Amino acid sequence: MLRISSAESDEPAVTLLVEGQIIGPWVDELRKTIEPLLTQGRLLTLDLTEATFADRNGVALLLSLRQRAVSIRGCSPLLNEQLKSAVKN
């Protein structure tokens with residue numbers, strides 16, 4: 001399961017708290033939540049403090065978001081390693 005929450009704000013910057021596992025169908029749900037914000041030109045930060053794991057597609061999404069200037073913070077050691085390993089490959 002994946003939970004995505006944010007404080008409603010008219011500010012140009014938005015932080016989304018992502019809780020759970022970024023796997024399977026939840027990868028698309030995260031993408032669907034993020035895309036409108038990026039299309040609006042919002043500055044986006046993903047807080048992954050409560051995210052425990054990402055599958056291959058989840059890691060690919062996170063890496064592509066980094067390339068689109070999305071700030072990613074609060075990665076667990078496991079998730080950090082997954083992202084580093086994916087960059088090396």
Taking only Cα atoms and a 10 Å spring cutoff, compute GNM fluctuations for the chain and point out the largest among Ala51, Ala69, Ala60. Ala69
Going by amide H atoms built from the backbone, whose H comes under 5 Å of the H on Thr52, apart from near neighbours? Gly20, Gln21, Ile22
Which order results if Glu50, Glu35 are arranged by neighbouring Cβ count within 10 Å, fewest first? Glu35, Glu50
Ratio for the stretch 1-52, C-alpha Rg to 2.2 N^0.38 Å, reads 1.10
Based on alpha-carbon positions alone, could you give the equivalent ellipsoid semi-axes of the chain from the gyration tensor, as √(5λ), descending, whole Å? 20, 14, 12
Tell me which of Ile22, Leu65, Thr49 sits at the most positive position along the dipole axis of the chain, charges placed on C-beta atoms (Lys, Arg +1; Asp, Glu -1). Leu65
Of all DSSP beta bridges located in the stretch 2-88, what percent are antiparallel, nearest 5? 30 percent
Net dipole in debye of the chain [+1 Lys, Arg Cβ; -1 Asp, Glu Cβ; about Cα centre; nearest 20]: 440 debye
Amide H neighbours of Thr15 at under 5 Å, excluding residues fewer than 5 places away on the same chain, with H built from the backbone geometry, are Ala7, Thr45
Under Karplus coefficients 6.51, -1.76 and 1.60, residue-wise ³J(HN,Hα) of the stretch 40-55 in Hz, glycine/proline x: 6, x, 6, 7, 10, 10, 9, 9, 9, 3, 9, 8, 9, 6, 9, 7
Exposure proxy ranking, count of Cβ atoms within 10 Å, fewest first, for Ile72, Ile22: Ile72, Ile22
Note to self, the chain gives a 222 nm [θ] from helices alone (DSSP H runs n ≥ 4, -39500 (n - 2.57) apiece, / all residues, nearest 500) of -14000 deg cm²/dmol
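Since every read-out is calculated from the coordinates, none of them should be taken as a lab result. Predicted model only: the values in this text are computed from it and were never measured. Cβ: placed from backbone, ideal geometry, glycine included. Neighbour counts: every protein chain shown.
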